[in-house]
Amino acid sequence: TVVRNSTGNFAVTFKSGTLPSGYFVFFSGRDGNWKGSILNQSDTGFTVYISDDVSLNNGNVNFIILDPNWWWKDE
């Protein structure tokens with residue numbers, strides 16, 4: 001679930017155990033000079049701050065969540 005707490009401040013939440021410990025969050029802005037900060041990362045979610053200047057702003061962004069471990073099976 002993604003919820004906007006306030007302008008440029010978003011909470012991403014999920015059920016505990018959905019993602020492995022140490023997951024990575026990659027952030028990219030779209031259609032502008034958007035910047036993002038990932039804060040308060042835990043096993044149930046994280047906070048995203050978005051800006052295009054010194055203040056928080058809403059904008060077009062993407063984020064990707066990756067497993068820190070590469071899972072493959074040698075055959």
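Checking each residue in segment 57-73 for being open to solvent by 70 Å² or more (accessible area, probe 1.4 Å), hydrophobic (A, V, I, L, M, F, W, C) and touching a residue at least 12 places away in the same chain (Cβ under 8 Å) picks out PHE63, ILE64, LEU66. Checking each residue in segment 26-51 for being of a type outside the set (Ser, Thr, Tyr), surrounded by 12 or more Cβ atoms within 10 Å (Cβ to Cβ) and touching a Gly at 6+ places or on another chain (Cβ under 9 Å) picks out PHE27, GLY29, TRP34, LYS35, GLY36, ASP43, VAL48, ILE50.
Kindly provide the set of residues from segment 19-38 that are over 16 Å from ASN5 (Cα atoms), of a type outside the set (Gly, Ala, Ser) and in a strand (DSSP E or B), ordered by number. Spell out how you get there, then give the answer.
Within segment 19-38, the subset over 16 Å from ASN5 (Cα atoms) is 19-35.
Then drop every residue that is not of a type outside the set (Gly, Ala, Ser), which leaves 19-20, 23-27, 30-31, 33-35.
If the condition is that a residue be over 16 Å from ASN5 (Cα atoms), of a type outside the set (Gly, Ala, Ser) and in a strand (DSSP E or B), then PHE24, VAL25, PHE26, PHE27, LYS35 are the ones that fit.
In the set (1) out of contact with any strand residue (DSSP E or B) (no Cβ under 6 Å at 6 or more places or on another chain); (2) part of a loop (DSSP other than H, G, I, E, B), the condition left unmet by GLN41 is number (2). Residue count for segment 1-25 under the criterion of being open to solvent by 90 Å² or more (accessible area, probe 1.4 Å), under 19 Å from ASN69 (Cα atoms) and within 12 Å of the chain's Cα centre (by Cα): the result is 1.
The values are calculated or read from the model by the stated rules, or taken from the named source; none is laboratory data. Here the structure is a predicted model, which is why all the values come from computation and not from measurement. Positions of Cβ are generated from backbone atoms using ideal geometry, with glycine treated the same way; all protein chains shown enter the neighbour counts. SASA here: full protein model, heavy atoms, side chains in, ligands and nucleic acids out. Shrake-Rupley method; radii C 1.70, N 1.55, O 1.52, S 1.80 Å.
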